[in-house]
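In what follows, a single structure is set out as structure tokens and then discussed.
The values are calculated or read from the model by the stated rules, or taken from the named source; none is laboratory data. Remember, it's a predicted structure, so these values are computed and weren't measured experimentally. Here the Cβ is made from the backbone with ideal geometry for all residues, glycine too, and neighbour counts use every protein chain on show. All accessible areas refer to the heavy atoms of the entire protein, side chains included, with ligands and DNA or RNA removed. Shrake-Rupley method; radii C 1.70, N 1.55, O 1.52, S 1.80 Å.
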Amino acid sequence: QVSDSAARFAGLASRPQSRLPNRSPAAMAAADAEPALVEHFGGCHCKAVRFKALAPAHIVAWSCNCSICAMKRNDHFVVPDSKFELQSGSDSLTTYTFGSHTAQHMFCSKCGVQSFYKPRSNPDGMAITVFCVDPGTIASVETRCFDGQNWEKTIEGSEIVGMSKSE
């Protein structure tokens, strides 16, 4: 018998690995070989909150099944704090915390969209919602699953740890 947690996580694993246009194998190889960072801009739905982040064009996003990410369907990638800049909207942000209160879930108080947050897994970085990045700078998205319902067990040895470290 599959537990409710395992069933919900299995649903994440079956989701499409990329919702962006398909790229040729040559283009994907070139993107992987090119470690250059690009400026990604984005924000919330009403555009009150705007940000800039430096990250590769090929994004490794995380799909988590913890209680809040599962409800929001928040696929996100992590950048170091030094590579994130809030450009506008600090006065429009509201913060929600729960559990350990390490993660700082910031969202726009006008439209309700969370375009980024301070993750528990990388408290020295920022987790950016992939679908809140403006079109044109993301070449591809590789989605990896993180079992947030079993956070303590899953975090040990997970590749998500250290995603906020500058290279």
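Worth a mention:
- Filtered by the rule that a residue be polar (S, T, N, Q), over 16 Å from VAL133 (Cβ atoms) and out of contact with any Gly (no Cβ under 8 Å at 6 or more places or on another chain), the range 89-122 gives SER90, SER92, THR94, THR95, THR97, SER100, THR102, GLN104, SER109, SER121.
- Selected residue (criterion: most open to solvent (accessible area, probe 1.4 Å)) from residues of the range 35-45 that are in a strand (DSSP E or B) and in contact (Cβ under 8 Å) with a residue 60 or more places away in the chain: GLU39
- Residue pairs whose Cβ atoms lie under 7 Å apart, sitting 6 or more positions apart in sequence or on different chains, and linking a residue in the range 58-84 that is closer than 11 Å to ALA127 by Cβ to a partner that is assigned to a helix (DSSP H, G or I) and open to solvent by less than 30 Å² (accessible area, probe 1.4 Å), are ALA61/VAL130; CYS64/GLY148; CYS69/GLY148; ASP75/VAL130; HIS76/VAL130; PHE77/VAL130.
- The range 126-151 residues that are among the polar types (S, T, N, Q), paired with ones that are modelled with pLDDT of 95 or more and outside any strand (DSSP E or B) (beta carbon under 6 Å, 6 or more apart): THR129/SER115
- Selection of strands (runs of 3 or more DSSP E) fully inside the range 46-146 by the criterion of at least 2 residues being open to solvent by less than 40 Å² (accessible area, probe 1.4 Å) returns 50-56, 58-64, 75-80, 105-108, 125-129, 140-146.
- Under the condition of being among the polar types (S, T, N, Q), under 18 Å from ARG50 (Cβ atoms) and out of contact with any Cys (no Cβ under 8 Å at 6 or more places or on another chain), the residues counted in the range 75-108 number 4.
- In the condition set (1) open to solvent by less than 60 Å² (accessible area, probe 1.4 Å); (2) more than 20 Å from PHE41 (Cα to Cα); (3) touching a helix residue (DSSP H, G or I) at 6+ places or on another chain (Cβ under 7 Å), VAL161 is compliant with all but (1).
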